[in-house]
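One structure is given here, and the rest of the page talks about it.
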Amino acid sequence: MEVEVKLRLPDSTAHQKVLSLLSPYHKKTHHQLNTFFDGAAGELSSQRAVLRLRFYENLKGKRVIADSVTPVEEESKIGYESVSDPSKRAKEEENVKCMVCIKGKAVIVNGVSRVEEDEEELDSKIGYEFVDHPRKLTEVENSRVLKRAKEEFQVGEGGFIGLGGFRNTRNVFEWNGVVLEVDETKYDFGTCYEIECESSEPEKVKEMIETLLKENGIDYSYSKVSKFATFRAGKLPYCTS
């Protein structure tokens, strides 16, 4: 079970204030591409679950995500595909890390998110292939998470389908004994800003973050929906673009 504090920032101004305030504690920045999958018959979504592939720069810090994907035909449903140039494709696969994850039964109450999560690293070359051809997800035998997604959720002969995805820039800070992640999430329909912090003591950490924001005059609110839920809704109900 992943437990996180999630606080929504209203706009880019508040986001920039937080980045400036926390700048002495900055550790790294991740440029992420998140893509999501369901069974062709809705086998995962019907059980409040989703399969996610997340691509981001490797531990050497090479920032290649920004140029690694391009828009594709509307009927692909994924929204992005890998570059077609073989030499560029090889570079991406070498420098990009890929994580595969099942997330399920998410609940967010008063700015605290609780969600079942099972994650492992996946070869980025294989990950890119799945973005292009989601049905191949059922063919992998050496991934515990993919095997679980297929068997536990009883994905049928239709296999997996791509739902689409979004980009996220995540700035990571080590502040007062906790790790804060400040996100700028870009959807096709707008941008959201959020502070996240995973903790076994969410109420204590939430109070710490709220005090920091209040003392510095930064507006915020409790997140009410996940990034994926916002993506699926196709609008920004609690954010401004």
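Please go through the residue pairs 186/224; 6/214; 125/206; 97/136; 103/214 and name each one whose alpha carbons sit more than 27 Å apart in this structure. Don't skip to the answer; put the middle values down first.
On the way: 186/224 18 Å; 6/214 16 Å; 125/206 38 Å; 97/136 19 Å; 103/214 32 Å.
From the list (186/224; 6/214; 125/206; 97/136; 103/214), the Cα-Cα distance tops 27 Å for 125/206; 103/214.
Across the alpha-carbon set of segment 136-241, the Rg to Rh ratio works out to 1.08, Rh being the Kirkwood radius.
For residue 40 and residue 152, compute 0.36 nm times the residue count separating them, minus their Cα-Cα distance, and round to one decimal in nm. Contour length minus Cα-Cα distance gives 38.8 nm. Shown is the FRET efficiency for residue 119 and residue 11, computed with R0 = 35 Å from the Cβ-Cβ distance and rounded to the nearest 0.05: 0.70.
Spin-label model, residue 214/residue 48: points 7 Å from Cα along the beta carbon direction are separated by 3.1 nm.
Since every read-out is calculated from the coordinates, none of them should be taken as a lab result. Everything numeric in this text was worked out from a predicted model, so none of it was measured. Using ideal geometry, Cβ is built from the backbone for each residue, glycine included, and neighbour counts are taken over all protein chains shown.
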